[in-house]
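Novice: Sharing a structure here in structure tokens format.
The values are calculated or read from the model by the stated rules, or taken from the named source; none is laboratory data. Source: prediction; values computed, not measured. No Cβ is skipped: glycine too gets one built from the backbone with ideal geometry, and neighbour counts run over all protein chains shown. In case anyone asks, the SASA skips ligands and DNA or RNA and just uses the protein heavy atoms, side chains included. Shrake-Rupley method; radii C 1.70, N 1.55, O 1.52, S 1.80 Å.
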Amino acid sequence: MTSSGEKWVTDNTFKPIVVDRENDVLFVTRNLFQLHDNRRELKVETTGLNYRLAVPFAPHLFGSGKTTFCLSYLELVQRFRETSLSSFASDPSRKEFLDKLREAVLLYVDMTELKPINPIEERRNLEWAVHYLLFKSACLQSGFEEEPSPVECYNVLQLRTTVLVKRIREVLNMRTDQFLLVAFDEVGVLDTRGQYFDLEVNDEGRVRPYNDFFGIVRGLCKQDNVFFIVVGKSKGLSIKNYTASVSKVLLHFISLSPLNWSSIVEFLEKSHLKVQTQFRVCDILCSRSFSVNELAEALLESTGGVPGLLTRAVNMLLNYVQTRGQPFTLKDECLSCMKEDGFRTVCSEPFVTRISTLDEDTRSLLDMLLMMALYRIPFNVNDRLNSGSYLFDAVTEMGLYRHPIDMNTFQVLFPKVFIGIFEELTSLSLLERILLGSLNIEPVDCFFASKCRVFEGIVAMRLVWILSSKVLNEFRESLGRLSAIWKDMKLPINGPSPLHYMMSVSRGEARSESSKERKTYASNEWNEIIHGALGFDKVYIPKEANSYSPDIMFKLQSPVKFKFLMVGVACKGRWKSEGIGWSDVIEEAKKFLKPVYDQVLSQALEFYHCMLIIVSTKLALNVANELGNQSRCYTSGMRIGGNSFEIPPNCELVILCESDVEMLIDREILNGLERAFSTSDRPVLKNFGLGLVQRVRHSFLSWQ
């Protein structure tokens, strides 16, 4: 039992049910069928095989659900037979395979039990150690009270795979035609235990224990009706590894994605207490005023849907609720508990070792991975950091998780319960602290719902430093010359702070298709945002900003009188070849200046002012000509776009010329963003190029 002031304990009080995983089950089943369909070809030892053995493989961290998935796979096959597996079984041969898979026997093999084993002449033979571990696991799974004698086993088995599989079938009371599914767990132990065995040296003079191990697996797969799943994270076994070229094995990645909101709801509704099995988890945690949907939202917010973190968090909440004798009554009450330092420390305790022992090379990637998580820059499984390493593996080494967008594309997922652990790392840069703080504030809905926000993120981060810098800077001075209201505001603000991400759609509020077409907030929403949500020393990036609001918002106050300036920044990227025209400018003004005036300023003209800044990387010719190739401020009563829009009272519209935009973002970064967004409205890391992301990172560091 782990505790923090006796408040947060992790006693296992409920039986978690496996939810989701339909796609993973279908993926693994297809891989196993390929082996079944091509086993005869696998047995033919030639150099020109058309079929290369594919082993389902999950290189995940603690908590991703890999062990649970292995143990539950056959049960999940039964569960999904009539749903996600129904199309797979439409072919007669696959249906026959699936029927036999339903009767399969699972042999779970814990690789942490792997060690050199007698007889003495075979103690450094990895193949014998694996064969013995397989047979021993079968014996213990069948209820044998003692481990079998290694010497006696060797005398019988003699490293013959045919005899080994036959004996395992006898121990497990299996028919010869019955499928045997072997799940190797914690294969990463070979990182350290490989030194105890005599292993093959490759052409480069290097020893790679996984080549030897998967060579052994390949030999076992030549036996009829035998299948394998392998899971476990290793520094020596990357997503792109040398196994395929040496032992003729392909590792097919099982994604095991974090759970989404609806899956967490199912998890809470179908999991029951261990002792009082008639009670569901949600019955204990939720009062009538606190729905299971809200509980799922809170847990997703805290854990990111990572199964191990989710299970641990639920156990802690159950222990807390049962100790105090009453359920949670409000979502905020539940969230506040999960935000406590004690809760986060205990919940993330199993992850501390990896994070606290990061090597310098991995540690140096932290700020870049934080940027990718915050700005939601997806990456491909093939993206390299350098010639010898992949970003996919770096995310895992950092102790983070991957949220799949599709089979080969992922986003960096940073569970909020980890924030405290990373903040305790020594020598965090100011940039890293701002990014960590921003991730801590960001609603998780933004992560799962919003598109790539790198352009807005760069501008917002730059504004953080511009607004807080004690040194006069050209951009701030330029705005002061353009706007008398801006010049009256108190600058600098207290100091660099996290970017505050906010929701532009009320959480839990369902919108119809017609309401989604609205270009601004409903009545009184701006009033609530300005008076309630926005504070000083904070820069906000709203979710789905292009539909409902400016891309960035912040609020300033005059130092000498009760006067406020509400600032919206519309980031108009140069992804339109013709540039940003007056119609674009007017659209932004109509969805910000007009409703803010109607709902807020008209009620308090003497206190509030509003400014919209257009940050465009390319202006249309007619706009640029009117500006005279310099930034311009349009004040109350002035008309723009051929007199089609009048600036409301106490409002200003600032359009930046391209040279002033380059004060915010240097031209090389702008050019890189243009290339990326010209290919896709949701560009991935490959579109940007790793060099561009690193350049953005270096530009941030240079501003500190």
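Novice: Kirkwood Rh and Cα-based Rg: tell me the resulting Rg over Rh for segment 572-701, rounded to two decimals.
Specialist: Reported Rg/Rh (Cα atoms, Kirkwood Rh): 1.05.
Novice: Turning to a different aspect of this structure: For segment 160-225, which GluC sites (Glu not before Pro) pass both filters: DSSP loop (anything but H, G, I, E, B) and at most 10 other C-beta atoms within 10 Å? Show your work: numbers first, answer last.
Specialist: Numbers: sites: Glu170, Glu186, Glu200, Glu204; in loops: Glu186, Glu200, Glu204.
Counting only loop positions with at most 10 other Cβ atoms within 10 Å, the GluC sites (Glu not before Pro) in segment 160-225 are Glu204.
Novice: With a point put 7 Å past each Cα toward its Cβ, work out how far Leu690 is from Leu71 in nm, to one decimal.
Specialist: Label-label distance for Leu690 and Leu71, simple model: 3.7 nm.
Novice: So for segment 132-180, what percent of the C-alpha to C-alpha distances run longer than 18 Å?
Specialist: Values: 277 of 1176 pairs.
Of the Cα pairs, 24 percent sit more than 18 Å apart.
Novice: Using just the alpha carbons, could you tell me how many Å³ per residue the convex hull of the chain encloses?
Specialist: Working: hull volume 139.4 nm³, N = 704.
It comes to 198 Å³ per residue, whole-number rounded.
Novice: How tilted is helix 92-101 with respect to the longest principal axis of the chain? Cα atoms for both, answer in degrees (0 to 90, nearest 10).
Specialist: Once rounded, one gets 80 degrees.
Novice: Now for a different question. To one decimal place, what Kirkwood hydrodynamic radius in Å is obtained for segment 158-204 from all pairs of distinct Cα atoms? Could you put the intermediate results ahead of the total?
Specialist: Values: mean 1/r = 0.0724 Å⁻¹.
By the Kirkwood definition, the hydrodynamic radius is 13.8 Å.
Novice: So what's the gap between the Cα centers of segment 563-620 and segment 636-704, to the nearest angstrom?
Specialist: If you average the Cα positions of each part, the centres end up 14 Å apart.
Novice: Quick one: the Cα spread of segment 309-446 along its three principal axes, in angstroms, biggest first?
Specialist: Over segment 309-446, Cα extents along the principal axes are 57, 35, 24 Å.
Novice: Another question, then. In square angstrom, what is the accessible area per residue of segment 601-694 with a 1.4 angstrom probe?
Specialist: Values: 4030 Å² over 94 residues.
I get 43 Å² per residue for this part.
Novice: Protein chains only, probe 1.4 Å: how do Ser84, Ser438 rank by accessible area, largest first?
Specialist: Details: Ser84 30, Ser438 0 Å².
Sorted by accessible area, descending: Ser84, Ser438.
Novice: With the other protein chains left in place, how much accessible area per residue, in square angstrom, belongs to segment 329-409 at a 1.4 angstrom probe?
Specialist: Details: 3190 Å² over 81 residues.
Heavy-atom SASA per residue in segment 329-409 reads 39 Å².
Novice: Report, ordered by chain and residue number, the lysines lying within cross-link reach of Lys490, taken as a straight Cα distance under 22 Å and ignoring same-chain residues fewer than 8 apart.
Specialist: Within reach: Lys470, Lys538, Lys555, Lys561, Lys563.
Novice: So which chymotrypsin sites (Phe, Trp or Tyr not before Pro) in segment 550-589 are both in a DSSP loop and have at most 10 other Cβ atoms within 10 Å of their Cβ? Don't jump to the answer; show the numbers that get you there.
Specialist: Numbers: sites: Phe554, Phe562, Phe564, Trp575, Trp582; in loops: Phe562, Trp575.
Answer by residue number: Phe562.
Novice: Quick check: from the Cα gyration tensor, does segment 61-206 come out rounded (a/c under 1.5), prolate or oblate?
Specialist: On the way: a/c = 2.08, a/b = 1.57, b/c = 1.33.
Prolate shape, in that a/c is at least 1.5 and a/b is the bigger ratio.
Novice: Please work out the ratio of the alpha-carbon Rg of segment 445-493 to 2.2 N^0.38 Å and round it to two decimals.
Specialist: Details: Rg = 14.2 Å, N = 49, 2.2 N^0.38 = 9.7 Å.
Normalised Cα radius of gyration, segment 445-493: 1.47.
Novice: Can you figure out the FRET efficiency of Asp110 with Lys270, using R₀ = 22 Å and their beta-carbon distance, to the nearest 0.05? Provide the component values of the computation, followed by the final result.
Specialist: Details: r = 27 Å, r/R0 = 1.25.
In this case the efficiency is close to 0.20.
Novice: For segment 281-367, would you read off the P(r) tail past 18 Å as a percentage of all alpha carbon pairs?
Specialist: On the way: 1759 of 3741 pairs.
It works out to 47 percent of all Cα pairs.
Novice: Return one whole number: the accessible area per residue of segment 1-141 in Å², for a 1.4 Å probe. Walk me through the numbers before you get to the answer.
Specialist: Details: 6480 Å² over 141 residues.
With the other protein chains kept in place, segment 1-141 gives 46 Å² per residue.
Novice: For segment 373-494, count all C-alpha to C-alpha pairs, find those more than 25 Å apart, and express that count as a whole percent of the total. Intermediate values should be presented prior to the final figure.
Specialist: Values: 2989 of 7381 pairs.
Of all Cα-Cα distances in segment 373-494, 40 percent exceed 25 Å.
Novice: Moving on to the next point. Relative to the present Cα-Cα distance, how much length would full extension add between Glu606 and Val44 at 0.36 nm per residue of separation?
Specialist: Details: separation 562, 0.36 × 562 = 202.32 nm, distance 8.68 nm.
Additional length available on full extension: 193.6 nm.
Novice: Which FRET efficiency value, to the nearest 0.05, is calculated for Lys561 and Lys95 with the Förster distance at 56 angstrom and r the Cβ-Cβ distance? Present the calculation step by step, with values, prior to reporting the outcome.
Specialist: Values: r = 79 Å, r/R0 = 1.40.
Efficiency, rounded to the nearest 0.05: 0.10.
Novice: If you bin the C-alpha pair distances of segment 361-419 every 10 Å from 0, what whole percents do you get?
Specialist: 23, 61, 16, 0
Novice: Roughly how many debye, to the nearest 20, is the charge dipole of segment 557-627 about its Cα centre, given +1 on each Lys and Arg Cβ, -1 on each Asp and Glu Cβ, and no other charges?
Specialist: Roughly 180 debye, rounded to the nearest 20.
Novice: Say R0 is 51 Å: what FRET efficiency, to the nearest 0.05, do Arg124 and Ser702 get from their beta-carbon distance? Don't jump to the answer; show the numbers that get you there.
Specialist: Values: r = 54 Å, r/R0 = 1.05.
Calculated transfer efficiency: 0.40.
Novice: Carbon-plus-sulfur fraction of the accessible area of the chain, 1.4 Å probe, in percent?
Specialist: On the way: 13990 of 29730 Å².
Ligands and nucleic acids excluded, carbon and sulfur reach 47 percent.
Novice: Something else: Evaluate the distance, in nm, between pseudo-label points positioned 7 Å from the Cα of Ser468 and of His252 along their respective Cα→Cβ axes.
Specialist: 4.9 nm
Novice: Extension gain Phe536-Asp37, at 0.36 nm per residue separation less the Cα-Cα distance, in nm? Walk me through the numbers before you get to the answer.
Specialist: Values: separation 499, 0.36 × 499 = 179.64 nm, distance 6.49 nm.
Between Phe536 and Asp37, full extension yields an extra 173.1 nm.
Novice: Which of the lysines could be linked to Lys43 by a straight reach, that is with a Cα gap under 16 Å, when you skip same-chain ones fewer than 8 residues away?
Specialist: Within the straight-line limit of under 16 Å, Lys43 reaches these lysines: Lys222, Lys248.
Novice: Give a quick list of GluC sites (Glu not before Pro) in segment 10-90 that DSSP marks as loop, anything other than H, G, I, E or B, with at most 12 other Cβ atoms within 10 Å. Walk me through the numbers on the way to the answer.
Specialist: Values: sites: Glu22, Glu41, Glu45, Glu75, Glu82; in loops: Glu45, Glu82.
Those that pass, being in a loop and sparsely packed, are Glu45, Glu82.
Novice: Still on this structure, I have one more. Between helix 66-79 and the chain, what is the angle of the helix's C-alpha long axis to the longest principal axis, kept within 0 to 90° and rounded to the nearest 10?
Specialist: Roughly 80 degrees, rounded to the nearest 10.
Novice: Kindly report, to the nearest 10 Å², the accessible surface of Met638 as traced by a 1.4 Å probe over protein heavy atoms only.
Specialist: 60 Å²
Novice: Please label the shape of segment 23-113 as rounded, prolate or oblate, based on the square roots a ≥ b ≥ c of the eigenvalues of the alpha-carbon gyration tensor (a/c under 1.5 means rounded; beyond that, a/b larger than b/c means prolate, else oblate).
Specialist: Oblate, because a/c is 1.5 or more while a/b does not exceed b/c.
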